[in-house]
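Okay, structure first, notes after.
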Amino acid sequence: MALNRIWIGFFLIAFVFAIFQLFNGNIEVFSEITNSTFKSAKTGFEISLYLTGAMALWLGIMRIGEQAGAIEVLAKLVSPLFQHLFPEVPKNHGAVGAMLMNFSANMLGLDNAATPLGLKAMEELQSLNPKPETASNAQIMFLVLNTSGLTIIPVSVMVYRAQAGAVNPAEIFVPILIATFFATLAGILAVGIKQKLNLFHPVVIAYLGGLTAFISLITWFFSTLSQEKISLYSSVASNFILFGVMVGFIAWAAFKKVNVYETFIEGAKEGFSIAIKVIPYLVAMLVAIGVFRASGAMEMLISAVSWFVSLFGFDTEFVKALPVAIMKPLSGSGARGLMIDAFTTHGVDSFVGKVAATLQGSTDTTFYVLAVYFGSVNIKNTRYAVSCGLIADGVGVVAAILLSYLFFA
């Protein structure tokens, strides 16, 4: 419903702005808008077409990791922490395994595996819910952790950067990892405080404190480097980790006697089908954004936000990428379209393009996730799930912007 209104709104607002420009002497405005629809439709198709190979590659690699048991290993590693974050869920309840598998799949970028596991987890949590139409504490914590979007491997963002011709598509790897960590930490704290969880338990402190110290150390290390060394170290670390994951998954699967080649082909086929399915969604959103931009509405919006930001003495260059952050809680495809629009308008390797990519990977689609997961079990009263999810989103956005200045400015 939200995406439907946003899509209609793009066209209606563009029409109003175009009428205004026409009366101000711009007789070419409707020609520019019409031309933008054809250009945007072509761009959407071309992106989806070139996306096929990269998606096939990464989903094939991820399927190898899945069959090798990588998700199960991650689940075991975080199991002690989750026992304290979900005290209402019995240790051996079916929801525990589904939740851990869902989070692990999300961190590895296995979106297609994560969604059904998430729906299964929500169904299991609903069986423990004393008020079926009201979200339980465990369900809210689960949803907020999903919407905070902790990501180890931001596959989709890197794929789109590669397709757009980025010199180093993995350059945003470390900033996204750090930004999503802080978003997740904010989500845990927001829900934990609301639910009066014992966040000072030794296990919780050990996990969250250790991860915070590690991420803070990484951030501090990069803050001491020159811009040239930041780019060099970030590039080397990102590509080493990514290729290491690929080799590690393959070696691990071979050790487990998995048919690695056939497993890769199976995952790659799924990547092909996903790339084809995304064409209408991408074309629809890029055309709407193109119309919105050609009418002058996008320029006026950015100018207004830039003016407001400048009142505080801040640099306003990041504002050009801010529409991605505004759209992301509402629609992943909408935010993706705005990110691609930033690549096309400003350049994929421009500062704005890198900020847009980092913002795209820093959080998840809060309202979409809440609608799908809560809707699957007919929950009507979401309590404070939205507010806590938006807190996590806000922290992720701020972190993404600050990290972009650290890594790319």
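The values are calculated or read from the model by the stated rules, or taken from the named source; none is laboratory data. These numbers come from a predicted model, not from an experiment. Reconstructed Cβ throughout: ideal geometry from the backbone, glycine too, with neighbour counts over all protein chains shown. Ligands, DNA and RNA are excluded from the accessible area calculation, which covers all protein heavy atoms including side chains. Shrake-Rupley method; radii C 1.70, N 1.55, O 1.52, S 1.80 Å.
Brief remarks follow.
- The overall shape of the range 276-409, judged from the alpha-carbon gyration tensor, is oblate: a/c is not under 1.5, and a/b is no greater than b/c.
- Between Ser127 and Leu77, the modelled labels are 2.9 nm apart [label points 7 Å from Cα along Cα→Cβ].
- With the convex hull drawn over the C-alpha atoms of the chain, the volume per residue is 147 Å³.
- For the range 195-348, a crude dipole built from +1 on the beta carbon of Lys and Arg and -1 on the beta carbon of Asp and Glu, taken about the Cα centre, is about 380 debye to the nearest 20.
- Structure note, pairs Lys76/Lys380; Lys229/Lys328; Lys91/Lys196; Lys76/Lys354; Lys76/Lys120: Cα-Cα distances above 25 angstrom occur for Lys76/Lys380; Lys229/Lys328; Lys76/Lys354.
- On the basis of the beta-carbon distance and an R0 of 30 Å, Ser310 and Phe20 show a calculated FRET efficiency of 0.75.
- Using distinct alpha-carbon pairs, which all enter the 1/r mean, Kirkwood radius of the range 259-320 in Å: 15.2 Å
- log10 of Debye I(q)/I(0), alpha-carbon scatterers only, for the range 119-198 at 0.13, 0.14, 0.26 Å⁻¹: -0.56, -0.62, -1.14
- FRET E, pair Glu46, Asn168, Förster distance 22 Å, beta-carbon r, rounded to 0.05: 0.55
- Integer Hz, Karplus 6.51/-1.76/1.60 couplings in order for the range 259-269, x for Gly and Pro: 6, 4, 5, 5, 5, 4, 4, 4, x, 5, 4
- Shown here: the range 213-298, whose C-alpha atoms stretch 55, 45, 23 Å along the first, second and third principal axes, sorted largest to smallest.
- Rg ratio (alpha-carbon, reference 2.2 N^0.38 Å) - the range 170-264: 1.45
- Solvent-free Debye scattering, log10 I(q)/I(0), computed from the Cα coordinates of the range 216-355 at q = 0.09 Å⁻¹: -0.47
- Normalised radius of gyration (Cα atoms, divided by 2.2 N^0.38 Å) for the range 243-289: 1.72.
- Accessible surface of the chain, 1.4 Å probe, proportion on carbon and sulfur as whole %: 68 percent
- The length gained by stretching the chain between Val247 and Asn35 to full extension, at 0.36 nm per residue less their Cα-Cα distance, is 71.7 nm.
- Label-point separation, Lys257 to Thr224 (7 Å along Cα→Cβ), nm: 4.9 nm
- Most tightly packed first, judged by the mean number of other beta-carbon atoms within 10 Å of their residues, the peptides 22-29, 118-125, 355-362 read 355-362, 118-125, 22-29.
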